[in-house]
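The values are calculated or read from the model by the stated rules, or taken from the named source; none is laboratory data. Computed from a predicted structure; not experimentally measured. Virtual Cβ from ideal backbone geometry, glycine too; neighbours counted across all protein chains shown. Note: accessible area is taken over every heavy atom of the protein model, side chains too, but ligands, DNA and RNA are not part of it. Shrake-Rupley method; radii C 1.70, N 1.55, O 1.52, S 1.80 Å.
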Amino acid sequence: MRGVWRWRHSPLWRRSDRIEAWVALAAALLIALGATSAGWAAGRAAHGALLDTVRVQHQQRHLVWVTVDRLVSRTPLDPDPETASQRDAHRRVLARWSAPDGSGRIGELAAPRPVEPGDRFRIWSDDRGRVMPRPMDVSTAGTHAVLAGLGTAAGVGMMIEGARRLVGWHLMVRRFRRWDQEWERAGQDWGRADAGS
């Protein structure tokens with residue numbers, strides 16, 4: 001900035017150079033203050049919404065004990081070796097459990113470890129006894145909120161930088177047009193040895 005301040009009264013310092021310098025300064029301030037503020041606000045809003053989700057999921061999901069009836073000996077639905085393995089095929093079981101309301105349920109599940117008939121393990125279930133994924137915890141909600149804030153700040157910063165570059169490009173186009181006009185005014189044969197100038 002000291003260099004820009006020194007050049008402010010230079011005859012080589014064009015009006016478009018001044019505009020470009022002010023636009024760059026405004027963009028830097030907007031990125032430093034505006035993008036970080038937008039990221040903070042988005043992260044805070046996401047954190048609040050995710051904490052509500054955590055609370056609701058912990059109210060609606062319950063750990064229940066499952067008893068293995070038998071192993072399911074069919075191959076997995078996805079035979080892709082990168083997503084399924086033979087070991088996972090041996091973990092599919094037919095099991096029984098009780099819903100939180102006391103009604104019995106039976107279904108095919110993926111066991112968290114190799115099991116035998118009669119073994120027990122726990123699963124997450126909703127109020128109706130349907131198998132559900134584990135509820136989100138507070139630390140995961142915080143991580144997602146931080147990522148939302150960082151993504152928002154980066155997106156806003158990139159939009160500001162894109163606008164700065166667009167203004168710079170328009171200023172450069174105007175400079176080239178002015179230079180072309182000046183060269184035309186000087187004449188086509190200006191500077192040639194045999195032109196007599």
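For this structure, a couple of remarks:
- Residue within the range 169-184 that is touching a Gly at 6+ places or on another chain (Cβ under 6 Å) and surrounded by 13 or more Cβ atoms within 10 Å (Cβ to Cβ) present: no
- The number of residues in the range 130-181 that are acidic (Asp, Glu) and part of a helix (DSSP H, G or I) comes to 2.
- Taking the criterion of being out of contact with any Ser or Thr (no Cβ under 9 Å at 6 or more places or on another chain) and open to solvent by 40 Å² or more (accessible area, probe 1.4 Å), the residues of the range 41-62 that qualify are ARG44, ALA45, HIS47, ALA49, LEU51, ASP52, THR53, ARG55, VAL56, HIS58, GLN59, GLN60.
- Some residue of the range 83-92 being touching a strand residue (DSSP E or B) at 6+ places or on another chain (Cβ under 8 Å) and at pLDDT 85 or above: yes
- The residue of the range 63-77 that is nearest to GLY118 (Cα to Cα), among those that are modelled with pLDDT under 90 and open to solvent by less than 50 Å² (accessible area, probe 1.4 Å), is VAL72.
- Of the residues ASP137, ASP127, the single one that is over 27 Å from the mean Cα position of the chain (by Cα) and either surrounded by 11 or more Cβ atoms within 10 Å (Cβ to Cβ) or under 30 Å from SER103 (Cβ atoms) (or both) is ASP127.
- Pairs with Cβ under 6 Å, 6+ apart, first in the range 150-169 and under 13 Å from GLU20 (Cβ atoms), second β-branched (Val, Ile, Thr): ARG164/VAL23; VAL167/VAL23
- Cross-chain or 6+ apart pairs with Cβ under 9 Å, the range 52-65 first and within 16 Å of ARG105 (Cβ to Cβ) and touching a residue at least 12 places away in the same chain (Cβ under 8 Å), then open to solvent by less than 60 Å² (accessible area, probe 1.4 Å) and part of a loop (DSSP other than H, G, I, E, B): ARG61/ASP126; ARG61/PRO135; HIS62/ALA99; HIS62/ASP126; VAL64/ALA99; VAL64/GLY129
- Checked against (1) assigned to a loop (DSSP other than H, G, I, E, B); (2) open to solvent by less than 90 Å² (accessible area, probe 1.4 Å); (3) closer than 20 Å to ARG70 by Cα, ARG113 meets all criteria but (2).
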